[in-house]
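First up is the structure itself, then whatever we jot down about it.
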Amino acid sequence: YQGSVAERMIIHEGNAFNNSNAWGQRELGVPYLKRGFAHEAYGYYQGAAIADPEEWLGYKAYCWLYFYRDYDVVLKAIDQYDLYTPDFVDYPQSTSVNYMRGICYSQLGKYDNAIKYLTLHLDMEIKDVGHEYVDAVSYVSLGVTYHKMGQYEKADSIYNLGLTHNENTAELHFYKAQNLATNDNLADAKVSLIQAQS
């Protein structure tokens, strides 16, 4: 059982024979991460990324983005990770590195870069799986970034595009409402807010 005393003893024993075993390092951190103790997992994931960066740097970037919000570390890790697959868009933990970059740049206030990478991500997703299968959060992230830039009409068009294919997504309706309210379109904002709540 993952995280059990027996499992951890076996991994520690294996790591004693091969202390550069990236899988063993990462596996020791997994139970902490899954139970919400990201700070306890930190050293193990760092060790895995050092031992086998081609395999684990992307996963480290994912964890640092979602658990630590350390955007500079994430961008650095993704740049290093890309050196191993320069002609390929990686999806560590099923998350596009372009999407992760876009989120980081948006949070750092570097909106032009955020738009660039979030658009690359969205375009690739649409090409690969079609609008109807693209996760609604991809539209939300791009729309929110346009909103932060004060480009309310562009944000609205992104939310509308997302709603065309994800009409029951509360987040799209909510951020559309917020965008409309910021632009003093309170009547339509109220409608979108009601749709978000239903």
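The values are calculated or read from the model by the stated rules, or taken from the named source; none is laboratory data. As the structure is a prediction and not an experimental result, all values here were calculated from the model. With ideal geometry, Cβ positions are generated from the backbone for all residues, glycine too; neighbour counts draw on all protein chains shown. Ligands, DNA and RNA are stripped out before the accessible areas are found, and what is left, the full protein with its side chains, is counted by its heavy atoms. Shrake-Rupley method; radii C 1.70, N 1.55, O 1.52, S 1.80 Å.
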Here, the stretch 43-198 modelled as identical Cα point scatterers in vacuum has Debye log10 I(q)/I(0) at q = 0.18, 0.19, 0.21 Å⁻¹ of -1.04, -1.11, -1.25
Computed lengthening from LYS190 to THR119, 0.36 nm per intervening residue step minus Cα-Cα distance:
22.7 nm
Cα-based helix-to-principal-axis angle, 53-63 vs the chain, degrees rounded to 10:
50
Using a 1.4 angstrom probe on heavy atoms only, work out the carbon and sulfur share of the accessible area of the chain in %.
52
Would you mind checking the tilt of helix 136-148 against the longest principal axis of the Cα atoms of the chain, expressed as 0 to 90 degrees and rounded to 10?
70
Give me the number: length gained by fully extending ASP87 to ASP112, i.e. 0.36 nm times residue separation minus the C-alpha to C-alpha distance, one decimal in nm.
6.7 nm
Once you sort the root eigenvalues of the Cα gyration tensor of the stretch 1-80 as a ≥ b ≥ c, which label holds: rounded (a/c under 1.5), prolate (a/b larger than b/c) or oblate (the other case)?
oblate
What does the accessible area per residue of the chain come to in Å², with a 1.4 Å probe and no ligands, DNA or RNA counted?
55
Can you check what the net charge comes to around VAL134, using other residues whose Cβ is under 12 Å from the Cβ of VAL134 (Lys, Arg +1; Asp, Glu -1)?
-4
Added length on full extension, which subtracts the Cα-Cα distance from 0.36 nm per residue, VAL5 to TYR68
20.0 nm
If I model a spin label at SER157 and PHE17 as a point 7 Å from the Cα along the Cα→Cβ vector, what separation in nanometres do I get?
6.1
In percent, what relative contact order does the chain have, based on Cα pairs under 8 Å that are 6 or more apart in sequence?
10
Exposed trypsin sites (Lys or Arg not before Pro) absent: longest stretch of the chain, with sites in DSSP loops and at most 12 other Cβ within 10 Å deemed exposed
70-198
Taking only the alpha carbons of the stretch 86-128, what extent do you get along each of the three principal axes, in Å, biggest first?
28, 20, 18
Sparsely packed chymotrypsin sites (Phe, Trp or Tyr not before Pro) within the stretch 1-62, loop by DSSP, other Cβ within 10 Å at most 14:
TYR1, PHE37
Please compute the contact order of the stretch 1-89 in relative form: average sequence separation of alpha-carbon pairs under 8 Å and at least six residues apart, divided by the residue count, as a percent.
19
